[in-house]
Amino acid sequence: MNGLRELMDSYLATRRALGFKLAAPDKALDDFVTWMEEAGEPTIRRDLATAWASRFSRGTVLEYLNYVRQFAEHVAWFDPATEVPILDGCPYGAHRPRPLIFTSAQIETLLAAAGRLSPQVRAASWQTLLGLLTVTGMRISEARNLDDDDITLDESGDGSGWARVTDTKFGKSRLVPLHATTMTAIHRYQRLRDQIFPNPKTTAVFVARRGTRIARSTAGNTFREIREAVGLAGGPTEPAARLHDFRHTFATTTLIGHIRAGGDVDAMMPVLSAFLGHVGPEATYWYLS
């Protein structure tokens, strides 16, 4: 039977071949396997996994045990004595927050609130950025990373265009089609941005108030300001609006529209999966829930 470290290497290599980056799981599993080796334990057991994870903070315990759980499921194919970590009969794992599927009215309200930000360039950036997320389902990181050169007109001459998305979550680049109205909105914003910052500080499409690329922390803080302004900060029974909810809303409304038009879901899923930049349709099916 292969040793744990050899099995870990093959497990990580297989998942990376599927497009996963696995920076955090790599470090966590290396630490876990090293701990097991030092303890002289060749087989994963629930008590051993819990003892290892108990050294970390409560939030990290769940995250790290989830990495071990997934790895243990792989190891169990080679060592039947392997025990997959569980807690009170339920598998350890990250709990995905319940998404908020925006209505058209909520999206319009969010865009209007973004337009009331100050200064003017910040308002224009966020109004255009949220509009782009609405019509493309891009991840916020993908939209923040867009450069001017990534936005190109289509050769058809109808005003439509393309957004080149690179360095994505799973390392998969793709072209996202943009409607002519979306291209018009982006170009209008770029003209305003260039008037305010005639000497660009970045190649980014979307800039913050000082003309630099919008940082991840800035994006989170700004959207919290926008959602609070329109009463979508959540409560005891309602989830708070998140930037990722624009992606959920795009995927869900696209599927609903396809179904109502008499389309076949199974035929649509690979197309939507490629559009969203997923590794495969199985990841896109989660949006149905």
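The values are calculated or read from the model by the stated rules, or taken from the named source; none is laboratory data. Note that the structure is a prediction, hence the values are computed from the model and not measured. Please note: Cβ atoms are built from the backbone with ideal geometry, for glycine as well, and neighbour counts cover all protein chains shown. Keep in mind that these areas ignore ligands, DNA and RNA; they rest on the heavy atoms of the full protein, side chains included. Shrake-Rupley method; radii C 1.70, N 1.55, O 1.52, S 1.80 Å.
Numerical summary
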| item | result |
| --- | --- |
| Residue list for segment 235-254, restricted to those being over 17 Å from Thr222 (Cβ atoms) and either of a type in the set (Gly, Ala, Ser) or under 19 Å from the mean Cα position of the chain (by Cα) (or both) | Gly235, Pro239, Arg247, His248, Thr249, Phe250, Ala251, Thr252, Thr253, Thr254 |
| Yes/no for Thr43 being within 30 Å of Ala229 (Cβ to Cβ) and at pLDDT 90 or above | no |
| Residue within segment 85-100 that is modelled with pLDDT under 90, under 30 Å from Gly277 (Cβ atoms), outside any loop (DSSP other than H, G, I, E, B) and out of contact with any Pro (no Cβ under 7 Å at 6 or more places or on another chain) present | yes |
| Residue match in segment 203-211 (condition: among the basic types (Lys, Arg), in contact (Cβ under 8 Å) with a residue 60 or more places away in the chain and in contact with a Pro (Cβ under 8 Å, 6 or more places away or on another chain)) | yes |
| Breaking point among (1) in contact (Cβ under 8 Å) with a residue 24 or more places away in the chain; (2) within 14 Å of Leu130 (Cβ to Cβ); (3) open to solvent by less than 30 Å² (accessible area, probe 1.4 Å); (4) of a type outside the set (D, E, K, R), for Ala229 | (3) |
| Within segment 241-270, tally of residues that are farther than 19 Å from Met138 by Cα and at pLDDT 85 or above | 3 |
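For (1) touching a Ser or Thr at 6+ places or on another chain (Cβ under 8 Å); (2) basic (Lys, Arg); (3) within 13 Å of His74 (Cβ to Cβ), each residue gets a yes or a no:
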| residue | (1), (2), (3) |
| --- | --- |
| Ser10 | no, no, yes |
| Thr34 | no, no, no |
| Ala39 | no, no, no |
| Ile44 | yes, no, yes |
| Thr50 | no, no, no |
| Ser54 | no, no, no |
